[in-house]
Amino acid sequence: MKKNFSPIDVEAATASDVPDIARLLSWAFGFGKARSDEYIAHVGLGSLRLLRGEGGRPDACAALLETAHVFHGRPVRAANIAHVAIAPERRGQGLAVPFVDALCAEAQGKGAVIATLFASTRPVYRKSGFELAGHEIVYEAETASLPAASKLAFERVELDDPRIAKAYAAKAGREAGLLSRGPAHWNELRREPTDALAAYLAEGDAAYLILDMGDEARLDVRDWYAASPEAAQGVLSFLARFRSVYPVVRWHGGPQDDLVAAMPDKGWRLAHQEEWLLRVLDQAAALRQRGYHVDAARLALRVGPAETALEIGIRDGASEVGEATGGCPTVTLQAPAFVQLFTGFRSASKLAQYGQVIGEAADIRLCDQLFAGPPPWVAEHF
């Protein structure tokens, strides 16, 4: 539940702030100077926001990235709040919540209806209305265990080949939660060491890989796509060609991952899992923008202490959202549950077991159907 904090003024960064921003990133994330400079260049100085202390020196910084998260084939306008860094001497003084609130207010003013972030301390961001919304998962497999037979041929291409971005958009359209990537996201995927990066595209654009070969201990897949089970098998077979050099390979994937599904029964494992958080800035607009799993439905949601419910009407796959007028199946849910339902992180039935959704059994099942789909995830850490 969001609590109220005193508003603060957030400023855009200037060129003279770069050394201070680099120090904040170093103290918060262990970035060296080269990595800090690279990150600032990748996201762009215009995306960085500062909270200044006495004397005008930045006490906190973060990147505010305009983007969208795709749900059931439709982009929901969003802002990524990335790399929130607070000076060590100002931590624990209540800066994070008002700082993030101010960033959300700016994002909403620019048209974002949701905001997302990764949190090192979840309780802090829950005070600002954020809740668990999806997964970031890294899988690891032994290269010796990968299937070696495939008829799929790959060619080496440039890292910025437009066919890669086109294929990624196709991937985002069939998953839930993936980003509509902007320049900052692509820049970070192509970050140093660029001399150890290589991109490969399969015939017919059925698959692609961006590989990071800068670590002798393992092969890192920075990004990938497979259009079919056969293409996923081809991706794994291509990665198997590196087994004489790298004992293991890692990749970002979804909870229902295409590469895992194409793997043998053994040889892979979960290397890392973390959840990202989401705050809904405009409930009606967010519901209106996302896609749905059904062609026709009518349901009202009463969120938190709201006096009126929001009615969602789906007809021929198109949605209309407005104030409920009565006579519509209605479920009542707490604000954190609304976030999880919106992304598909948890179903209405599961949330009802936790006491966070209340309604008739038939209405809760209808809510399950409305928000059904692939489990939400993202393919990078922002």
*In nanometres, what is the gap between the two model label sites at GLU192 and LEU45, each 7 Å from Cα along Cα-to-Cβ?*
2.0 nm
*How much accessible surface area, in Å² rounded to 10, belongs to the heavy atoms of ARG302 with a 1.4 Å probe?*
80 Å²
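Of the DSSP beta bridges with both residues in segment 173-255, give the percent that are antiparallel, rounding to the nearest 5. All intermediate terms of the calculation are to be shown ahead of the outcome.
Values: 11 of 14 bridges.
In segment 173-255, approximately 80 percent of DSSP beta bridges are antiparallel ones.
Just to verify a number: FRET efficiency for THR14 and GLU38, C-beta to C-beta distance, R0 = 22 Å, to 0.05? Walk me through the intermediate numbers first.
Details: r = 19 Å, r/R0 = 0.86.
Taking R0 as 22 Å, the efficiency between THR14 and GLU38 is 0.70.
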*asked:* Antiparallel versus total DSSP beta bridges in the chain: what percent is that, nearest 5?
replied: 85 percent
*For a label point 7 Å along the Cα-to-beta-carbon line of GLU66, residues of segment 117-141 with backbone N under 12 Å*: none
*How far, in nm, would the chain grow between ALA165 and SER26 when pulled straight, counting 0.36 nm per residue and subtracting the alpha carbon separation?*
46.9 nm
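Does the chain classify as rounded, prolate or oblate by the C-alpha gyration tensor (a ≥ b ≥ c root eigenvalues; a/c under 1.5 gives rounded; else a/b over b/c gives prolate, otherwise oblate)? Could you put the intermediate results ahead of the total?
On the way: a/c = 2.03, a/b = 1.14, b/c = 1.79.
The shape class here is oblate.
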*Hey, any idea what % of the chain's accessible area is carbon plus sulfur with a 1.4 Å probe?*
50 percent
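Could you give the length gained by full extension between ARG74 and ARG298, i.e. 0.36 nm per residue of separation minus their alpha carbon distance, to one decimal place? Numbers along the way, then the final one.
On the way: separation 224, 0.36 × 224 = 80.64 nm, distance 1.93 nm.
Gain on extension, ARG74 to ARG298, equals 78.7 nm.
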_What distance in nm lies between label points placed 7 Å from Cα along the C-beta direction at ALA217 and ALA361?_
5.3 nm
*From largest accessible area down, sort THR143, THR121; use a 1.4 Å probe on the protein chains.*
THR121, THR143
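Rounded if a/c is under 1.5, else prolate if a/b is larger than b/c, else oblate: which is segment 80-192, with a ≥ b ≥ c the root eigenvalues of its Cα gyration tensor? Spell out each step's value before the answer.
Details: a/c = 2.42, a/b = 1.93, b/c = 1.26.
It comes out prolate by the Cα gyration axes.
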*asked:* Placing +1 on the Cβ of each Lys and Arg and -1 on the Cβ of each Asp and Glu in segment 288-382, which of CYS328, GLY373, VAL294 has its Cα farthest towards the positive end of the resulting dipole?
replied: GLY373
*Please report, in debye to the nearest 20, how large the charge dipole of segment 130-206 is about its Cα centre when each Lys and Arg carries +1 at its beta carbon and each Asp and Glu carries -1 there.*
300 debye
*Measuring from label point to label point, each 7 Å out along Cα→Cβ, what is the GLU203 to SER244 span in nm?*
2.4 nm
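The values are calculated or read from the model by the stated rules, or taken from the named source; none is laboratory data. Keep in mind the model is a prediction, meaning the values are calculated, not measured. Methodologically, a virtual Cβ is constructed for each residue, glycine included, from the backbone with ideal geometry; neighbour enumeration extends over all protein chains shown. For accessibility, only protein heavy atoms count, side chains too; no ligands or nucleic acids. Shrake-Rupley method; radii C 1.70, N 1.55, O 1.52, S 1.80 Å.
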